[in-house]
1. Residues with amide H under 5 Å of residue 101's amide H, sequence separation 5 or more or different chain, H placed in the peptide plane at 1.01 Å from N; which?
2. Please give the contour-minus-distance gain from residue 124 to residue 9: 0.36 nm per residue of separation, less the Cα-Cα distance, rounded to one decimal in nm.
3. With charges set only on the Cβ (+1 for Lys and Arg, -1 for Asp and Glu), what does the dipole of the chain come to about its Cα centre, in debye to the nearest 20?
4. Once you list every other residue whose beta carbon is under 14 Å from the beta carbon of residue 63, what net charge do they have if Lys and Arg are +1 and Asp and Glu are -1?
5. Choose one of 59, 21, 43: the residue whose Cα lies farthest towards the positive end of the charge dipole of segment 1-129 (beta-carbon charges +1 Lys, Arg; -1 Asp, Glu; about the Cα centre).
6. Can you show me the helix-derived [θ] at 222 nm for the chain, built from DSSP H runs with n ≥ 4 at -39,500 (n - 2.57) apiece and divided by the number of residues, rounded to the nearest 500.
7. List every residue whose amide H lies under 5 Å from the amide H of residue 33, counting only residues 5 or more places away in sequence or on a different chain, with H placed 1.01 Å from N in the peptide plane.
8. Below 14 angstrom from the Cβ of residue 109, what's the summed charge of the other residues (Lys, Arg +1; Asp, Glu -1)?
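Computed from the coordinates by the stated procedures, all read-outs in this text should not be read as laboratory data. These numbers were taken from a predicted model, which means no experiment stands behind them. In this analysis, Cβ positions are derived from the backbone assuming ideal geometry, glycine residues included, and neighbour counts consider all displayed protein chains.
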Amino acid sequence: MELTAEIAVFRAGTGDPARLVGEFRRAVLLVPRAGGSVDGEGGLMSALSGGIRWFYAFTDEAAMARFAEARGEADREWPYLAILGARLVDAVVPEVGGPAGVAVNVADPEGSMLFPPVAGIVPDACAVDIDIEADSAVVA
């Protein structure tokens, strides 16, 4: 099942969280470049909310176009990076230096999904629900 279908099933209350995360990790996502930069200057487009850096990601160009329209920026070019969801959370999120997650298809009220910085989605060292130091402490 593709990610958008898995999101729909999950939002309907019948989805499996592990299957949803698996599909997210396998999906090729489109992540807009910050500032519209084609050469990578400025990084990836994101927003800070509640102390969490959220990377915007889209399942296809149509979903990204709806986001551009919602922002009133549909008249400009939107350069983007095509990246596996797994690569986004395993390689990009750790570079943030703080809590970071992924917001998928945020302009689609019935098809959006947040993948927060928690164990099972991001690497354990980046998860806000795990205290690595407490978990690795040796009891004498």
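1. Amide H neighbours of residue 101, under 5 Å, 5+ apart: 53, 54, 55.
2. Working: separation 115, 0.36 × 115 = 41.40 nm, distance 2.67 nm.
Fully extending the segment from residue 124 to residue 9 adds 38.7 nm.
3. Details: 10 positive and 21 negative charges, 22 e Å.
That gives a dipole near 100 debye.
4. Numbers: positive: 66, 71; negative: 2, 60, 61, 69, 108, 110.
Once positives and negatives cancel, what remains is -4.
5. 21
6. Working: 4 runs with 34 residues, N = 140.
Mean residue ellipticity, 222 nm, calculated: -6500 deg cm²/dmol.
7. The list, which skips near neighbours in sequence, is 45, 80, 81.
8. -1
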